[in-house]
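Asks: What follows is a single structure, and I will ask about it in a moment.
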Amino acid sequence: MAIVSDDLKAQLRERLGKSLTEPVVLTLHTARGDGLLVLPDGECETCGLSREIADALVEAAGGRVTLAVVDGQAPDVPVLEVARPGDTARIVFRGLPAGYEFSTLLDAVERVSTGRSELSPETVSALSALTTDIDLQVFVTPTCPYCPSAASMANRLALASPRVHASTVAANEFPELSDRFGVRGVPHTVVNSSGSFVGALPEAAFLGEVLRLGNPRVN
């Protein structure tokens, strides 16, 4: 059964036809060979499903979204990057962006296209004062209704600042990574692979935790 229904494709065509303004490039990293999730043809299970989702977005976008597929041997796939043409991707999805996280991916595509982070002036000012790079990993599950808020907030920070990189990580697909960072509940946001906080916090509180853990000289 297809993961993207015909009804959903029709909804996507209507929505993206109105919301996209500038082109967006999706880059999907997949792998063939031995791994945790393997189909008879050697392709990881969620790589194929991620490709189906990416293809559906391309089809619905009327030429404003293109897809590049990179087939390698990396173990931590699928990885889907969202960026403007020619830009380095700062918004990344690790694992299948399904369930509630499909809305996060759709939001990311639209925001990258329009360039609108819709953050407060105070948040934008604080981000402009960053003196170090910040890497955010937001661990989520497809059944968590609170996760899109946290993941989208991280993506919006990355959109607003070239110093911020945001990854939405499917905790169930990467158990070793989840264990490494002590993920017991989601959304769980890891900052610079060191500190972390849990929950879908409001913008000011989310930014405050990010700055405290990732760039302590900025308040």
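Asks: Could you list, in sequence order, all residues of region 125-144 that are exposed (fewer than 15 other Cβ atoms within 10 Å of the Cβ) and part of a helix (DSSP H, G or I)?
Replies: Quick first cut of region 125-144, residues exposed (fewer than 15 other Cβ atoms within 10 Å of the Cβ) only: 125, 128-129, 131-133, 143.
Within region 125-144, SER125, SER128 meet the criteria.
Asks: Pull up region 171-197, narrow it to residues that are touching a Gly at 6+ places or on another chain (Cβ under 6 Å) and in a loop (DSSP other than H, G, I, E, B), then point me to the one that is modelled with the lowest pLDDT.
Replies: For region 171-197, the residue satisfying everything is GLU173.
Asks: Another question about this same structure. Taking the options ALA200, ALA204, name whichever one is part of a loop (DSSP other than H, G, I, E, B), more than 26 Å from ALA56 (Cα to Cα) and touching a Ser or Thr at 6+ places or on another chain (Cβ under 8 Å).
Replies: ALA200
Asks: Does any residue of region 69-79 turn out to be under 24 Å from LEU12 (Cα atoms), in contact with an Asp or Glu (Cβ under 7 Å, 6 or more places away or on another chain) and surrounded by fewer than 22 Cβ atoms within 10 Å (Cβ to Cβ)? Please lay out each step first, then the result.
Replies: Let us first name the residues in region 69-79 that are under 24 Å from LEU12 (Cα atoms), namely 69, 78-79.
Pick out the ones that are also in contact with an Asp or Glu (Cβ under 7 Å, 6 or more places away or on another chain) and you get none.
Checked against the condition, which is being under 24 Å from LEU12 (Cα atoms), in contact with an Asp or Glu (Cβ under 7 Å, 6 or more places away or on another chain) and surrounded by fewer than 22 Cβ atoms within 10 Å (Cβ to Cβ), region 69-79 yields no hits at all.
Asks: Out of the residues in region 20-43 that are surrounded by 17 or more Cβ atoms within 10 Å (Cβ to Cβ) and not β-branched (Val, Ile, Thr), which is modelled with the lowest pLDDT?
Replies: Out of the qualifying residues, it is GLY35.
Asks: Of all residues in region 164-192, which are touching a Lys or Arg at 6+ places or on another chain (Cβ under 8 Å) and either among the aliphatic types (A, V, I, L, M) or surrounded by fewer than 16 Cβ atoms within 10 Å (Cβ to Cβ) (or both)?
Replies: Here is the first cut: in region 164-192, the ones touching a Lys or Arg at 6+ places or on another chain (Cβ under 8 Å) are 164-170, 173-174.
Result: VAL164, ALA166, VAL169, ALA170.
The values are calculated or read from the model by the stated rules, or taken from the named source; none is laboratory data. Values in this document were obtained by computation on a predicted structure and should not be read as measured data. Neighbour counts are summed over all protein chains in view; Cβ atoms, including those assigned to glycine, are modelled from backbone coordinates with ideal geometry.
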